[in-house]
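A quick write-up on the structure given underneath.
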Amino acid sequence: MTRSPERQALLFRMEEARRQTQRQLDMIDRQITAKMTALIPSLGRRRSGYRRGKPPAPEAFLARYRSSLAAITAERQPEIDALSRKLARQEAAIAAFQARPEFSASARVRNEDAVITVVRGARHEAL
């Protein structure tokens, strides 16, 4: 069956809203990545050097990187959570909308004719 123009327009608006929400989440991810990229030089400056013959521990840089990433992400976490929930709701609404049966005018007429036929048949059998 073909989709009605109103139904297609509504589905398009729903999908566009979902794409916009996904773009907002992607933008937040890019912003966090940009902040972390800008922080890398400052994270690497804290070197202990070769003190007493010990080389600098590479794990220390990773620990500083991870803690900075956790702090920056925690700042944006409420916004990320809200957008993630909104995206999940939008995807569920789109899936439910697409799962609904579509009835065009000709399908309704055929269904009404079938009901009338069954009702008439039931009347004839009952008589």
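What about S48, is it out of contact with any Gly (no Cβ under 8 Å at 6 or more places or on another chain), surrounded by 11 or more Cβ atoms within 10 Å (Cβ to Cβ), modelled with pLDDT of 55 or more and farther than 25 Å from E16 by Cβ?
Values: out of contact with any Gly (no Cβ under 8 Å at 6 or more places or on another chain): yes; surrounded by 11 or more Cβ atoms within 10 Å (Cβ to Cβ): yes; modelled with pLDDT of 55 or more: yes; farther than 25 Å from E16 by Cβ: yes.
Yes.
List the residue pairs whose Cβ atoms are under 9 Å apart, where the first residue sits in region 32-45 and is under 10 Å from I72 (Cα atoms) and modelled with pLDDT of 90 or more, the second is among the hydroxyl-bearing types (S, T, Y) and surrounded by 12 or more Cβ atoms within 10 Å (Cβ to Cβ), and the two are 6 or more positions apart or on different chains.
I32/T73; K35/S68; M36/Y65; M36/S68
Please work out which residue is surrounded by the fewest Cβ atoms within 10 Å (Cβ to Cβ), limiting yourself to region 1-31 and to residues that are at pLDDT 95 or above and of a type in the set (V, I, T).
Ranking the qualifying residues of region 1-31, first place goes to I28.
Can you tell me how many residues in region 58-88 are surrounded by 14 or more Cβ atoms within 10 Å (Cβ to Cβ), modelled with pLDDT under 95 and either on the phi > 0 side of the Ramachandran plot or among the basic types (K, R) (or both)?
Here the count works out to 1.
The values are calculated or read from the model by the stated rules, or taken from the named source; none is laboratory data. Computed from a prediction, not measured in an experiment: that's the story for all the values here. For neighbour counting, all protein chains shown are included, and Cβ atoms are generated from backbone atoms with ideal geometry for every residue, glycine included.
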